[in-house]
């Protein structure tokens with residue numbers, strides 16, 4: 001076999017899961033190939049340009065989708081080196097220990113592992129990402145202080161952020177880290193925190209602009225032997241790691257199951273693409289008479305004791321960005337006046353799992369999601385939104401809301417959910433696909449619960465754990481061969 005196209009592991013995707021898996025496996029000495037569908041982002045400042053990023057959507061995927069009713073849909077996906085993490089708001093929170101347990105009545109699934117299994121990988125990810133907190137700025141401090149004074153059930157804490165310590169010395173970057181890609185490296189992401197550390201390693205290789213369109217079958221259909229790129233090029237490996245994201249990894253696996261005939265054989269096949277979770281999300285613009293001068297803004301995380309599955313954090317948006325959230329029927333001049341006197345908030349509620357919320361790998365990929373299928377979450381999110389509006393009104397703020405539609409896929413997860421039973425899950429507690437040797441999943445599609453916080457840090461931690469377990473298994477095979485009697489090694 002040509003060693004130039006054979007590797008110990010091939011990783012598909014360079015986002016949080018792919019980059020962390022590559023980092024972990026590279027430390028074991030394994031020969032790694034990482035394939036990224038997109039290219040590198042420019043460093044000319046265009047990824048911080050409000051018009052190009054927000055209004056024109058220049059850096060978003062153009063891939064056509066449809067919703068469950070057959071209507072055209074354009075999910076807000078990014079295909080570039082570093083994946084969505086180049087664009088995320090850098091909020092890196094851990095899931096709580098309680099969020100690794102399920103509640104069937106609420107559609108919340110049990111994890112096959114506990115918090116303690118992921119804790120050391122949370123530690124490692126936070127260290128590599130150089131996570132830190134920042135002081136609460138004056139405008140936000142005033143808002144949160146009044147909230148808790150009027151209702152002590154509102155509780156705020158510092159928000160862990162993957163930003164450099166002196167980010168405020170770069171005002172334009174500080175005002176545009178939430179939803180924008182840094183041009184100066186002010187934000188830690190999958191590329192800067194993980195992949196950049198691998199560039200000098202001889203056992204790591206990366207190709208950008210390399211879209212994987214198929215998984216390849218070996219002599220045994222229950223083992224994936226490699227991948228095929230859109231241009232026809234093929235690469236082979238002992239292990240394949242799916243890290244293309246919750247909307248894309250299930251499509252690759254579904255294609256393989258159909259092509260190999262395993263779709264009607266493996267119990268896990270019926271779960272591929274199902275249990276999609278997006279979070280229930282609302283953007284809120286809260287306006288008072290005073291001008292707002294905070295720079296970072298997104299420094300605190302707030303919850304309410306009556307809403308166990310919901311949270312709110314400020315949007316890291318300056319006045320110009322906030323003005324884009326004001327309803328379009330309002331003249332832009334007035335919208336800018338509102339923006340200068342407004343604070344933005346991002347509300348999210350954990351949604352449960354439902355088999356009918358899914359990604360379907362048809363000729364036109366389908367994202368079928370209906371929040372009413374997990375009704376209790378919808379009720380909590382609506383009540384939580386109203387509770388915050390009323391609380392802010394008592395603090396002197398009038399709030400406008402905009403619900404994030406189904407095309408807002410920044411927190412998509414759950415479509416290759418982890419579990420011990422192949423009848424109800426797709427991968428096991430080690431990230432291996434049930435019934436297929438050498439195939440692993442290290443992205444957000446494995447998440448059993450979406451929690452009430454951003455999923456990025458948990459994806460990083462899961463991928464580091466999968467890589468660690470894969471590396472240990474590989475080392476174990478090497479030790480076993482090395483300790484066999486010499487005659488046993490002779491053909």
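The values are calculated or read from the model by the stated rules, or taken from the named source; none is laboratory data. This one's a predicted model, so the numbers in the text were calculated from it and none came from an experiment. Here Cβ is always computed from backbone atoms with ideal geometry, including for glycine, and neighbour counts include all displayed protein chains.
Odds and ends about this structure:
- Note on the range 290-321: among residues that are outside any loop (DSSP other than H, G, I, E, B) and modelled with pLDDT under 95, the one that is surrounded by the fewest Cβ atoms within 10 Å (Cβ to Cβ) is 320.
- Test result for residue 98, surrounded by fewer than 22 Cβ atoms within 10 Å (Cβ to Cβ), in a helix (DSSP H, G or I) and over 20 Å from the mean Cα position of the chain (by Cα): yes
- Filter pass, residue 29 being part of a loop (DSSP other than H, G, I, E, B) and farther than 30 Å from residue 371 by Cβ: yes
- Verdict on residue 19 being more than 23 Å from residue 407 (Cβ to Cβ), in contact with a strand residue (DSSP E or B) (Cβ under 6 Å, 6 or more places away or on another chain) and surrounded by 16 or more Cβ atoms within 10 Å (Cβ to Cβ): no
- Contact map, the range 394-405: first residue at positive phi and modelled with pLDDT of 95 or more, second residue assigned to a loop (DSSP other than H, G, I, E, B) and surrounded by 14 or more Cβ atoms within 10 Å (Cβ to Cβ), Cβ cut-off under 6 Å, separation 6 or more or different chains; pairs are 396/288.
- If you go through the range 202-229 and pick out every residue that is assigned to a loop (DSSP other than H, G, I, E, B) and more than 18 Å from residue 35 (Cβ to Cβ), you end up with 6.
- Residues of the range 118-133 classified as farther than 25 Å from residue 274 by Cα and either touching a helix residue (DSSP H, G or I) at 6+ places or on another chain (Cβ under 8 Å) or buried (at least 20 other Cβ atoms within 10 Å of the Cβ) (or both), total: 9
- In the range 275-289, residue nearest to residue 342 (Cα to Cα) [restricted to those that are assigned to a loop (DSSP other than H, G, I, E, B) and modelled with pLDDT of 95 or more]: 288
- Selection count where residues are under 19 Å from residue 178 (Cα atoms) and touching a helix residue (DSSP H, G or I) at 6+ places or on another chain (Cβ under 8 Å), scope the range 35-63: 10
- Output for the range 251-268, where each listed residue is in contact with a helix residue (DSSP H, G or I) (Cβ under 6 Å, 6 or more places away or on another chain) and buried (at least 19 other Cβ atoms within 10 Å of the Cβ): 257
- Elements of the type helices (runs of 4 or more DSSP H) sitting completely within the range 136-201 and holding at least 3 residues that are surrounded by fewer than 18 Cβ atoms within 10 Å (Cβ to Cβ) and in contact (Cβ under 8 Å) with a residue 12 or more places away in the chain: these cover 138-150.
- Checklist (1) in contact with a helix residue (DSSP H, G or I) (Cβ under 7 Å, 6 or more places away or on another chain); (2) in contact (Cβ under 8 Å) with a residue 60 or more places away in the chain; (3) buried (at least 23 other Cβ atoms within 10 Å of the Cβ); (4) under 23 Å from residue 142 (Cα atoms) applied to residue 388, failing item: (1)
- Residues in the range 236-263 that are over 26 Å from the mean Cα position of the chain (by Cα) and in a loop (DSSP other than H, G, I, E, B): 261 only.
- The range 37-72 - residue that is under 20 Å from the mean Cα position of the chain (by Cα), in contact (Cβ under 8 Å) with a residue 40 or more places away in the chain and surrounded by 16 or more Cβ atoms within 10 Å (Cβ to Cβ) and, of those, nearest to residue 174 (Cα to Cα): 47
- Among the numbered conditions (1) at pLDDT below 95; (2) assigned to a helix (DSSP H, G or I), the only one that residue 69 does not meet is (2).
- All positions within the range 326-338 that are touching a residue at least 40 places away in the same chain (Cβ under 8 Å) and either part of a helix (DSSP H, G or I) or surrounded by fewer than 21 Cβ atoms within 10 Å (Cβ to Cβ) (or both): 327, 338
- Residue in the range 360-368 that is in contact with a helix residue (DSSP H, G or I) (Cβ under 7 Å, 6 or more places away or on another chain), modelled with pLDDT under 95 and not in a loop (DSSP other than H, G, I, E, B) present: no
- Filtering the range 375-385 to residues that are over 10 Å from residue 280 (Cα atoms) and in contact with a helix residue (DSSP H, G or I) (Cβ under 8 Å, 6 or more places away or on another chain) leaves only 376.
- Unmet requirement for residue 233, which otherwise passes all of (1) farther than 24 Å from residue 77 by Cβ; (2) over 26 Å from the mean Cα position of the chain (by Cα): (1)
- Selection status of residue 453, at pLDDT 95 or above, in a loop (DSSP other than H, G, I, E, B) and in contact with a helix residue (DSSP H, G or I) (Cβ under 9 Å, 6 or more places away or on another chain): yes
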